[in-house]
Amino acid sequence: MTEIAVVGGGLSGCLLACVLAQRGEKVVLYERRADPREGTAERGRSINLALSERGLNALRRVGLAERVLTDALPMRGRMIHPVAGDLDFQSYSADGTRAINSISRGALNNVLLDAAAKAVDIRFEHRLTGLDPGSGEMVFDTPGGPARGRAELVFGADGAGSAVRGELLRHDATAETLDFLDYGYKELTIPARDGEFALDPGALHIWPRGRSMMIALPNPDKSFTCTLFWPNSGTGAFASLSSPAAIERFFADVYPDVPPLAPDLVSDYQHNPVGLLGTVRCTSWHSGRACLIGDAAHAIVPFYGQGANCAFEDVVVLDECLRRTGGDWTATLPLFESSRRADTEAIARMALANFIEMRDKVASPLFRLGQRVEHT
Ligand code: FAD
């Protein structure tokens with residue numbers, strides 16, 4: 001039995017903890033937040049995910065796929081909203097049966113936390129601030145002051161801004177590149193109308209507008225979470241709409257079918273934060289006793305709807321590597337990185353390319369004639 005610390009109780013960290021516990025490892029999961037199952041979500045950061053077969057395949061390994069799907073809504077295609085004219089439904093599959101699943105990241109995380117809590121020791125309000133990759137010694141910030149821990153192996157599942165990656169950098173064990181887009185995102189809401197969905201809940205809705213773009217995914221409470229993507233700076237960017245009248249005018253001109261469906265549009269726009277979008281690359285995912293996984297190793301822009309799916313798939317690949325090495329961790333970590341790196345680099349490129357497609361090409365007649373992609 002190996003004593004393993006998983007830093008980060010998000011999507012990949014919880015799944016990893018469950019899979020390692022299933023293999024008989026002794027796992028402690030450290031999470032910087034208080035237990036999210038007992039609190040409320042941060043405003044404008046609800047994030048709906050498109051969960052696809054890759055992610056479901058990973059969740060099946062710990063018997064959670066069916067449970068997760070009870071909180072999800074299938075989307076069988078995308079619905080294009082032009083500035084004027086009819087809506088255009090584009091099926092994800094020729095026979096119309098295949099779907100990706102809309103699920104709130106918070107709901108998905110809570111299901112995973114429930115499963116992890118049954119299998120491992122979880123320490124909330126433990127923010128990793130220091131790590132020695134050689135010895136596996138860790139330091140955490142906690143409400144009661146600094147706390148120390150040690151593990152034979154430390155997984156950094158702590159997301160795009162990973163503190164574990166920061167510690168690997170500090171020990172010259174890796175080098176990173178962070179490529180931020182000049183685009184950000186803001187969440188808006190289309191609530192239920194007379195107790196029903198205001199748009200077709202069986203589709204991922206897209207408003208392709210070239211310079212800006214909006215998408216909307218359905219929620220089980222019959223609302224839609226909309227995400228507006230727009231440049232951060234310059235004219236025609238988030239900051240350029242500085243008054244309620246300017247916000248109303250912009251949406252009436254560019255997204256004319258939205259204002260009648262979104263009574264809190266102006267307030268959402270004014271109060272919800274603008275999130276960053278970027279790609280994280282680093283030269284090595286592991287050193288000594290530490291290894292990165294999920295967004296901590298390879299965060300991508302969200303336009304292919306694959307970041308979480310890919311983070312889940314990391315856990316599957318790691319599990320396969322452990323099987324291949326007979327549980328020898330020294331051999332497993334390099335095998336994990338060499339087996340997985342090319343695929344994560346490919347999806348990072350595809351995610352950037354899909355931004356252009358979603359912004360522009362899904363509305364073009366040429367696209368309608370042939371080039372379908374699997375997701376979003
Ligand atoms: P995270 O989910 O970020 O979890 C990291 C965890 O680590 C968090 O719980 C955090 O609190 C904790 N943590 C951070 N620092 C510390 C520390 N120092 N100490 C302890 N704990 C720490 N993916 C999809 O598959 N489909 C989609 O449709 C999709 N849409 C997206 C839309 C948007 C707008 C965005 C921003 C992302 C989207 N993603 C999507 C990507 C997806 O959210 C991420 O890829 C996924 O959450 C990565 O999981 P993770 O576990 O690696 O990291």
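So which of THR279, THR283, THR332 ends up being within 23 Å of PRO208 (Cβ to Cβ), of a type in the set (S, T, N, Q) and either near the ligand (Cβ under 10 Å from one of its atoms) or in contact (Cβ under 8 Å) with a residue 12 or more places away in the chain (or both)?
On the way: THR283 fails: within 23 Å of PRO208 (Cβ to Cβ); THR332 fails: within 23 Å of PRO208 (Cβ to Cβ).
Sole residue among the options that is within 23 Å of PRO208 (Cβ to Cβ), of a type in the set (S, T, N, Q) and either near the ligand (Cβ under 10 Å from one of its atoms) or in contact (Cβ under 8 Å) with a residue 12 or more places away in the chain (or both): THR279.
Among the candidates SER102, SER12, SER93, SER46, which residue alone is assigned to a loop (DSSP other than H, G, I, E, B), surrounded by 15 or more Cβ atoms within 10 Å (Cβ to Cβ), touching a residue at least 12 places away in the same chain (Cβ under 8 Å) and of a type outside the set (D, E, K, R)? Quick ask: steps written out before the conclusion?
Values: SER102 fails: assigned to a loop (DSSP other than H, G, I, E, B); SER12 fails: assigned to a loop (DSSP other than H, G, I, E, B); SER93 fails: surrounded by 15 or more Cβ atoms within 10 Å (Cβ to Cβ).
Being assigned to a loop (DSSP other than H, G, I, E, B), surrounded by 15 or more Cβ atoms within 10 Å (Cβ to Cβ), touching a residue at least 12 places away in the same chain (Cβ under 8 Å) and of a type outside the set (D, E, K, R) holds for just one of SER102, SER12, SER93, SER46, which is SER46.
Would segment 88-102 turn up any residue that is modelled with pLDDT of 95 or more and of a type in the set (Lys, Arg)?
no
Report whether or not PRO74 is more than 16 Å from the ligand (Cβ to nearest atom) and farther than 29 Å from TYR30 by Cβ. Step through it out loud before you land on a result.
Values: more than 16 Å from the ligand (Cβ to nearest atom): no; farther than 29 Å from TYR30 by Cβ: yes.
It is false that PRO74 is more than 16 Å from the ligand (Cβ to nearest atom) and farther than 29 Å from TYR30 by Cβ.
Is it the case, given these coordinates, that ALA198 is buried (at least 21 other Cβ atoms within 10 Å of the Cβ), in contact with a helix residue (DSSP H, G or I) (Cβ under 8 Å, 6 or more places away or on another chain) and closer than 22 Å to ASN48 by Cα? It would help to see each step written out before you state the result.
Working: buried (at least 21 other Cβ atoms within 10 Å of the Cβ): no; in contact with a helix residue (DSSP H, G or I) (Cβ under 8 Å, 6 or more places away or on another chain): yes; closer than 22 Å to ASN48 by Cα: yes.
Taking the combined requirement at face value, the residue does not satisfy it.
Give segment 283-316 a look and list any residue that's aromatic (Phe, Trp, Tyr) and closer than 29 Å to THR330 by Cβ, or say none. I'd like the intermediate steps shown before the answer.
Here is the first cut: in segment 283-316, the ones aromatic (Phe, Trp, Tyr) are 285, 303-304, 312.
Those that are aromatic (Phe, Trp, Tyr) and closer than 29 Å to THR330 by Cβ: TRP285, PHE312.
So, in segment 328-362, of the ones that are polar (S, T, N, Q) and buried (at least 18 other Cβ atoms within 10 Å of the Cβ), which residue ends up modelled with the lowest pLDDT? Break it down into steps so the answer makes sense when it comes.
Residues of segment 328-362 polar (S, T, N, Q): 330, 332, 338-339, 344, 354.
From what's left, buried (at least 18 other Cβ atoms within 10 Å of the Cβ): 332, 344, 354.
Values: THR332: 98, THR344: 97, ASN354: 86.
Of everything passing the filter in segment 328-362, ASN354 is modelled with the lowest pLDDT.
Please indicate, with yes or no, whether at least one residue in segment 258-278 is in a loop (DSSP other than H, G, I, E, B), crowded, with 18+ Cβ neighbours inside 10 Å, modelled with pLDDT of 95 or more and charged (D, E, K, R).
no
Go through (1) within 22 Å of LEU352 (Cα to Cα); (2) free of Cβ contacts under 8 Å to residues at least 24 places away in the same chain for ASP182 and report which single condition fails.
Failed condition: (2).
Quick check on ARG33: is it outside any strand (DSSP E or B), surrounded by fewer than 19 Cβ atoms within 10 Å (Cβ to Cβ), under 19 Å from the mean Cα position of the chain (by Cα) and not aromatic (Phe, Trp, Tyr)?
On the way: outside any strand (DSSP E or B): yes; surrounded by fewer than 19 Cβ atoms within 10 Å (Cβ to Cβ): yes; under 19 Å from the mean Cα position of the chain (by Cα): yes; not aromatic (Phe, Trp, Tyr): yes.
Taking the combined requirement at face value, the residue satisfies it.
Please indicate, with yes or no, whether at least one residue in segment 234-251 is under 21 Å from the mean Cα position of the chain (by Cα), over 28 Å from ARG76 (Cα atoms) and within 16 Å of the ligand (Cβ to nearest atom).
Of the residues in segment 234-251, the ones under 21 Å from the mean Cα position of the chain (by Cα) are none.
Within segment 234-251, none of the residues are under 21 Å from the mean Cα position of the chain (by Cα), over 28 Å from ARG76 (Cα atoms) and within 16 Å of the ligand (Cβ to nearest atom).
Keeping to segment 287-327, report how many residues are more than 10 Å from the ligand (Cβ to nearest atom) and touching a Phe, Trp or Tyr at 6+ places or on another chain (Cβ under 6 Å).
Here the count works out to 3.
Select from segment 324-358 the residues that are basic (Lys, Arg) and closer than 14 Å to GLU313 by Cα and list them in ascending order.
Those that are basic (Lys, Arg) and closer than 14 Å to GLU313 by Cα: ARG340, ARG341.
The values are calculated or read from the model by the stated rules, or taken from the named source; none is laboratory data. Quick caveat: nothing in here was measured; it's all calculated off a predicted structure. Cβ coordinates were reconstructed from backbone atoms using ideal geometry, including for glycine residues, and neighbour counts include every protein chain displayed.
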